[in-house]
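Every read-out reported here was derived from the displayed coordinates using simple, explicitly stated rules and does not represent laboratory data. What you see is a predicted model; the values in this text were computed from it and never measured. In this analysis, Cβ positions are derived from the backbone assuming ideal geometry, glycine residues included, and neighbour counts consider all displayed protein chains.
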Amino acid sequence: MAIPTLPRSVFSGFRDILSDAKCLAFYNTHTGESLSTTYSRSGQRVPAALQKINHILRDHRTGEIREIDIRLLDLLHRLAREIGCSQPFHVISGYRSKQTNAFLRHWGGGVAANSLHMSGQAIDIRLPDCCLTDLRQAALSLKAGGVGYYPEPDFVHV
């Protein structure tokens, strides 16, 4: 009698649930950098992973790095689980320096003078295998703050 086997990914998922691991994956559309990391295990932050996240979400125009708010990371983790997507978040804009925010505000319009991007509390994202409206609906369903929907430049702001 053959014993059925499960894919390794199933066991990996169980391990994450049991250990309460929080994982995120990012692709920075401006720098081409990718990152997949576990930033929290059993309720404890993983400092090295958080530093890597801060780096990949840095202001790509100035190179300035700021600590990303853990609540934003937790929101992204919940969003990824809600959608059921294993693809990395494509990052259009993570942290923004004051200089970059002023530049975008002057030239792009629609950028808030006191944008939460400047405090590491907002991010503009898309998921390549997820319809933008589905991403927006999933973000709204979490009821965890404002959600911006920008179909023309193709991103959601959380």
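Each Cα pair under 8 Å and six or more residues apart adds its sequence gap; the mean of these over the residue count of the chain is a relative contact order of 18 percent. The local environment of Phe103, defined by Cβ-Cβ distances under 12 Å, has a net charge of +3 under the rule Lys, Arg +1 and Asp, Glu -1. Applying the Karplus relation 6.51 cos²θ - 1.76 cosθ + 1.60 with θ = phi - 60° to the stretch 46-63 yields 3J(HN,Hα) values of 10, x, 5, 5, 5, 5, 5, 5, 4, 5, 5, 9, 5, 5, 6, 7, 9, x Hz, where x marks Gly and Pro. The residues neighbouring Tyr149, those whose beta-carbon lies less than 14 Å from its own, together hold a net charge of -2 under the Lys/Arg +1, Asp/Glu -1 convention. Sequence-distant contacts, meaning Cα pairs under 8 Å at least 6 residues apart, place the relative contact order of the stretch 83-158 at 31 percent. A Cβ-based charge dipole, computed about the Cα centre of the stretch 9-157 with Lys and Arg at +1 and Asp and Glu at -1, lands at about 340 debye.
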